[in-house]
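The values are calculated or read from the model by the stated rules, or taken from the named source; none is laboratory data. Everything quoted here is computed from the prediction, not taken from an experiment. Cβ coordinates were reconstructed from backbone atoms using ideal geometry, including for glycine residues, and neighbour counts include every protein chain displayed. Protein only, heavy atoms only, side chains kept; ligands, DNA and RNA dropped before computing areas. Shrake-Rupley method; radii C 1.70, N 1.55, O 1.52, S 1.80 Å.
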Amino acid sequence: HTINQAKSKMAASYEKAPLLTSQPTAAPMVGNEAPPPYTWKPDVAYATPAQIAGADRLDGYTIQKLNAVDQYGLYQGNILGEAISCGCCANKYMITDRQRMTPVQGREEDLVETPLWIVQEESDLCCRVCCPQHPTMNKFHHALPPQAGQVVCGCCYTGHQYLPDHSVPVAMTVERDGCCNKWVGCFICSEKCQSEAFLHGGDVEDGVKPGSLGNSNPKIIGRSQVPRNDCCTPHLDIFENTAGTEFQYAKLTGPMCFGGCMDLCFDTPFYINSGVTEGKGGDIGLIEKQAPKGFCDMCCQSVSDVDNYQVMLRQPNMTPIQKANMLGTAVHVDYWFFQRDVRPVRVVSNGDGSGMVVITLCNMYCKGCLIPCCITIPYGSKK
């Protein structure tokens, strides 16, 4: 099916249909021609024209997906591990195509957003325990078709399974430095306090320390960085690297207040504007953190660092490199803004039967710092 057919069928009735073709596809056209649909496996008949930007850094399978998709979902996984470990487990994300539904193997009556990549964090356990702004390598693995989970005791379904495909190479890698090489999360006064993330095409060698590659990698795609002149409005400058030359391609602008109970009630938008322009126009696109959609989702977000996003790209002629850079920026947004916020409601005990219930209404951004706006309710006090 073509993209338009997939959109019309999904909008009409979400009727079950194999929206991912298994037939060979031609190479993408350079111009205004619609890109071909992607497949679950690399297409041997698919050849990437050299004139497509990124052909030297991204494999044809990744370019095929990026060309075909404009609206992505970014969903953080490992919910149980995040809740039990208080966020110390390695992060895991799933990136989906929000405009194409696909049946779950083994439960064909269930239609889900088509998974594109499983993003797995590689980092040091001690760093994760000591600092939420730890150095990370986040690797984009191509996703396998969604599979049905197990049924326990004949009635309890464990949920769908979304697994990475290790038979094909890694698509992209997000490199992000952190403590103690960088003191991110504090007042921005120098480059050591600026959070930044680099996006590389393909995989990086095992054992490479986050922060050691940067622009020196020949497969560098781009990076996003918090500017030093930030004040009360959070920004990320988004750079693209072409032929060894770096230039600012876009600027991301977020709200001054977010997080806490505010996140449980409202979506949090981050607008992406072309060049160095800031504001709420979002001519390139939008990265939006989504509020919980139901009671179960609200409970998960209240007790863990699990967050869900949608990435909407609005410019019709974006290159695969630029789309990939937006996905890398979305991962950076989650680490920079939402992996260091506190729970909406928490209890602080004094150990003698008294303490406080702290309700975080929201976090206010101020030059790299997050200042929680809270209400405290004492309990057990005799005074």
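Structural remarks
- Selection within the stretch 218-267 - part of a strand (DSSP E or B), over 25 Å from Thr319 (Cβ atoms) and open to solvent by 10 Å² or more (accessible area, probe 1.4 Å): Cys257
- Scanning the stretch 296-320 for residues that are in a helix (DSSP H, G or I) and either at pLDDT 90 or above or touching a Gly at 6+ places or on another chain (Cβ under 7 Å) (or both) gives a single hit, Pro320.
- Taken as a whole, the stretch 69-85 holds no residue that is at pLDDT 90 or above and more than 18 Å from Gln310 (Cβ to Cβ).
- Selection count where residues are more than 16 Å from Glu121 (Cβ to Cβ), out of contact with any strand residue (DSSP E or B) (no Cβ under 7 Å at 6 or more places or on another chain) and either outside any loop (DSSP other than H, G, I, E, B) or touching a residue at least 12 places away in the same chain (Cβ under 8 Å) (or both), scope the stretch 167-179: 1
- Residue within the stretch 360-368 that is over 19 Å from Met94 (Cα atoms), touching a residue at least 12 places away in the same chain (Cβ under 8 Å) and part of a loop (DSSP other than H, G, I, E, B) present: yes
- Cβ-Cβ distances below 6 Å connect the following pairs, each with a first residue in the stretch 95-118 that is without any contact (Cβ under 8 Å) to a residue 40 or more places away in the chain, a second residue that is surrounded by 16 or more Cβ atoms within 10 Å (Cβ to Cβ) and of a type in the set (Asp, Glu), and a separation of six or more residues or different chains: Thr96/Glu113.
- Condition check for Val208: aliphatic (A, V, I, L, M), in a loop (DSSP other than H, G, I, E, B) and open to solvent by less than 20 Å² (accessible area, probe 1.4 Å): no
- Selection within the stretch 154-173 - open to solvent by 40 Å² or more (accessible area, probe 1.4 Å) and within 24 Å of Thr329 (Cβ to Cβ): Tyr162, Pro169
- Check on Asp177, modelled with pLDDT of 90 or more and either open to solvent by 20 Å² or more (accessible area, probe 1.4 Å) or within 21 Å of the chain's Cα centre (by Cα) (or both): no
- Looking only at the stretch 99-117, and only at residues there that are out of contact with any Asp or Glu (no Cβ under 9 Å at 6 or more places or on another chain) and not aliphatic (A, V, I, L, M), the one that is surrounded by the fewest Cβ atoms within 10 Å (Cβ to Cβ): Glu109
- Complete set of residues in the stretch 279-289 that are assigned to a loop (DSSP other than H, G, I, E, B) and open to solvent by less than 20 Å² (accessible area, probe 1.4 Å): Gly282, Ile284
- Cβ separations smaller than 7 Å between residues 6+ apart or across chains give no pair from the stretch 279-294 residues that are over 16 Å from Phe338 (Cβ atoms) and of a type in the set (Ser, Thr, Tyr) to residues that are in a loop (DSSP other than H, G, I, E, B) and open to solvent by 30 Å² or more (accessible area, probe 1.4 Å).
- Filtered by the rule that a residue be within 30 Å of Leu213 (Cα to Cα), at pLDDT 85 or above and open to solvent by 40 Å² or more (accessible area, probe 1.4 Å), the stretch 123-153 gives a lone residue, Leu144.
- For Val358, the conditions (1) open to solvent by 30 Å² or more (accessible area, probe 1.4 Å); (2) farther than 26 Å from Val174 by Cα are fulfilled apart from (1).
- Looking across the stretch 321-343 at every residue that is out of contact with any Phe, Trp or Tyr (no Cβ under 9 Å at 6 or more places or on another chain) and open to solvent by 10 Å² or more (accessible area, probe 1.4 Å), the one that is modelled with the highest pLDDT is identified as Arg343.
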